[in-house]
Amino acid sequence: MCSPGSDRNSAVAGERPLIDLEHEICVLAAHQAATMCRWLTLVAEFDEREGWRADGILSCAHWLSWRCSIGLRAGREYVRVAHALNELPIVREAFGRGELSYCKVRALTRAVTPATEEAFVELARHATGAQLEKVVRGYRGTLRASTGQARRAHEQRHLSYFRDDDGSVVFSGRLPAGEGALFLKALEAATEQAASRCSAEHPPPLPDPATDAAAEAENRPGARRADALVALARAGLDADAHDRTGGDPVELVVHVDAQTLAAERIRERCEVDGGPALAPETARRLGCDAALTRIIERDGRPLSISRRTHHWARGGPTKLDNLVQLCSHHHRLVHEGGYHVERAGPAIRFRRPGGREIAAVPAAVTAHSQRTGPRDARDTIDHTTIRPLSAGDTLDYSIAVECLLAKADHAPAILSSA
């Protein structure tokens, strides 16, 4: 999002308009993807024919390191992806047209099978790179989630520590998914509380070069988390505080289908909100130990929502058709940043603090038939080719994973392939 008062089409004398710069970046990204697809096809053939052996090289990855100046680890990953593409013609075709980036293809090759390839590619064409990687992690995590795995994770839990020469305590550990998510929630809450207290009690001083370096070190994320951990320890020692709260001081959100709670079904929705997949038995245990708030949903949409979750102060009705989903950054801009959101019929419009409307994202080509025919990527690639078909809209990862799992007739085979 541009800063207030900026214009993507304007330019200082002698500078290119930003819109032209943006288009060229996107065009080159698509050409890069198409070229990478061709390059990986050649790498796969070169490796299959063992062309690297003639020079006495250990592997194709080592040959790439020598002849193409590629790191060994990256070389191994290129070879893996190159061979995977031989088994995934739909992925390879979209990649060769410049519609999928290498990052997306790399993620896809860790999860896709012939049974799920078409569904995955359709999702990849709409999702952003970050969204697709999250879906793939959730998909693979759900396939692996089981009661036996949850038991092993519980058995492997540990916390070890030692005192360094200066007396500092150094520690490392491992927690199962549920307990780990609870710990991170508590740590995040303690970090935010400490930051809020510090801002209220000690307003930021005027810039001072003599103290800026120390202040920067004090505000490092790692330092703030360490302070939060100490705060959690202090709170744990306060028996009175524990009695007042009557349990855990933070809220952990777990999404789980009713069928999953009733039976051992690992392919239904069962996950920490924004986190890893959970075994159904883990969800049942968390349900036994926690106070529960039930939200009824259908097709991923809540049928009823608590009033406190919506921006109702301006008099708008709290109804699903009067709501818009925003990420935390843009939500803050609407409330504190001076930006405005308004409804114009079925459309939603956003305005900058000065009142100027933010232009809508140009429509991308969505007709599948227009993208399936053979074509020369060099002649047809433009600034929209590699762009996701969505505008980065909110994606329900659980529903996406469930749909992919429904097509995964041979999904367990992927667990040994990556």
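Bear in mind these aren't lab numbers, they're just calculated from the coordinates by the rules spelled out. Please read all numbers here as calculations on a predicted model, not as lab measurements. Please note: Cβ atoms are built from the backbone with ideal geometry, for glycine as well, and neighbour counts cover all protein chains shown.
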- Rounded if a/c is under 1.5, else prolate if a/b is larger than b/c, else oblate: which is the range 104-144, with a ≥ b ≥ c the root eigenvalues of its Cα gyration tensor? oblate
- Mean Cβ neighbour count within 10 Å, used as a protection proxy, ranking 338-345, 170-177 highest first: 170-177, 338-345
- At a Förster distance of 22 Å, what's the computed FRET efficiency of Asp165 paired with Ala226, Cβ-Cβ distance as r, to 0.05? 0.75
- Item | For the range 21-63: Kirkwood Rh in Å [reciprocal of mean 1/r, alpha carbons] | 12.0
- Item | Protection-proxy order for peptides 40-46, 129-135, each taking the mean of Cβ atoms within 10 Å per residue, highest first | 129-135, 40-46
- Query: Label points 7 Å out from Cα along the Cβ direction at Arg80 and Glu122: separation in nm?
  - Reply: 2.8
- Message: Under a crude label model (7 Å from the Cα following the beta-carbon direction), how far is Ile399 from Gln32 in nanometres?
- Response: 3.3
- Net length gained if the chain between Leu323 and His340 were fully extended (0.36 nm per residue, minus Cα distance): 4.7 nm
- How much length, in nm to one decimal, is gained on full extension between Val253 and Cys68, taken as 0.36 nm per residue of separation minus their Cα-Cα distance? 61.8 nm
- Where does each of Trp52, Trp39 land when they are ranked from fewest to most other beta-carbon atoms within 10 angstrom? Trp39, Trp52
- Note on the structure: Residues Val253, Val169 in order from fewest to most other beta-carbon atoms within 10 Å are Val169, Val253
- Message: Under the 0.36 nm per residue contour assumption, what length would be gained going from the current alpha-carbon distance of Ala194 and Lys407 to full extension?
- Response: 72.0 nm
- For the range 71-154, what is the relative contact order in percent, using Cα pairs closer than 8 Å and at least 6 residues apart in sequence? 25
- Query: With r defined as the distance between the Cβ atoms of Ile358 and Ile25 and R0 fixed at 22 Å, what FRET efficiency is calculated, to the nearest 0.05?
  - Reply: 0.65
